[in-house]
Amino acid sequence: MNFSFADFGVLSRTMLGLTALAMAACTSSPYVSDSKVFDASPSVKRARFPKVQKIGVVELSGARITSRAYQGSADQLEYIASGGALLEKRMDSPIWAQAEEILVTPDAAILKGRQAMVKKAGQLYKAEAESTEFVIDGTQVKVEGPHSIQDLGSEKTKMVGVAAPLPAPSVPEKPAKTEVKKAPPSKPIAEKPTVKPAPAPVVATKPKETKPGPQTKPEQKPTLSATPKPKPPAASAPKPTTPTKPAAKPEPKVNRQELLNLMREPSE
């Protein structure tokens, strides 16, 4: 078979286009659930989830659906919808479920991950963690892991198994800077000079002179009368500050007999 240059060009462009589509498929964003899909029209649902599999009262749809033997049994199968999956369980109280992947077994329907959500009896259950798992068993909905329950009538939401967010740390406000005016330097108070009391004037007191008593001179002519005794000089009271001169000693007594003998004329 002969290939022309034009055929080779067309083939090359085709291969490049397929490669681009494959890369786009690999880099496509992950599935995101939307609760509005539950109330969408059948045509909208089919456009989003083209593959459909009916299993009793359950209708499973998704971008892709595969089947395999359930627990190794050839008579029973389980189905997996992936790439975005939707489940509708038609009963008196219908149940809707949506997730990135849904597994349906003969016993229950299982969906897990943060995109998992279930709508039942006016309540919307939403997963709050990748580990959250929903199990639809008959008419019951069992939830394991952190999730929220929203009342579609009052729009009140209840958190289950979710830790309360920590409050943001409060940043202490910096106090406003207040300018402290410096007080003017105080002038040193001049100390008053201590006035020393003037010493009292010392009055020099002259010691009183004690006059000596009258001295008795020997009379030339002795008389028979006795010579009066000389009176002792009056001693002045000594003052504590100035010593006083000692009083004059009294003259010794004169022996009258000797005096008479001296006055007699000498005998031849």
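The values are calculated or read from the model by the stated rules, or taken from the named source; none is laboratory data. Note that the structure is predicted; figures quoted are calculated from it, not measured. Here the Cβ is made from the backbone with ideal geometry for all residues, glycine too, and neighbour counts use every protein chain on show. Please note that ligands, DNA and RNA were not included when accessible areas were found on the heavy atoms of the full protein model with its side chains. Shrake-Rupley method; radii C 1.70, N 1.55, O 1.52, S 1.80 Å.
Leaving ligands and nucleic acids out of the surface, order 95, 110, 80 by accessible area at 1.4 Å, largest first. Display every interim value, and only then the final one.
On the way: 95 0, 110 55, 80 25 Å².
Per-residue accessible area, sorted high to low, gives 110, 80, 95.
Sorted by average packing, counted as other Cβ atoms within 10 angstrom per residue and highest first, what order do 42-49, 132-139, 84-91 take? Before the final figure, lay out the partial values.
Details: 42-49: 13.1, 132-139: 17.1, 84-91: 19.5.
So the peptides 42-49, 132-139, 84-91, ranked by packing, come out 84-91, 132-139, 42-49.
Can you run phi through the Karplus equation (6.51, -1.76, 1.60; θ = phi - 60°) for segment 137-142 and list ³J(HN,Hα) in whole Hz, with x for Gly and Pro?
Along segment 137-142, the couplings run 10, x, 9, 9, 10, 9 Hz.
Note down the relative contact order for segment 78-124 as a percent, whole number, built from C-alpha pairs under 8 angstrom at least six residues apart. Let's see the in-between values first.
Details: 84 pairs, mean separation 16.5, N = 47.
Answer for segment 78-124 is 35 percent.
Can you list residues from other chains, or at least 5 along the same chain, whose modelled amide H is less than 5 Å from the amide H of residue 95?
Distant-sequence amide H within range of residue 95: 89.
Using only protein heavy atoms and a 1.4 Å probe, report how much of residue 107 is accessible, in Å² to the nearest 10.
100
Please list 263, 117 in order of solvent-accessible area, largest first, computed with a 1.4 Å probe with all protein chains present.
263, 117
Suppose a student asked you for the relative contact order of segment 45-135, using Cα pairs under 8 Å spaced at least 6 residues apart; what percent would you report?
So the answer I get is 19 percent.
Just reorder 93, 82 by solvent-accessible area, largest first, 1.4 Å probe, all chains present.
93, 82
Starting from the Cα of residue 107, step 7 Å toward the Cβ, then list every residue of segment 51-83 with an amide N under 20 Å from that point.
Output list for this probe position: 55-58, 67-81.
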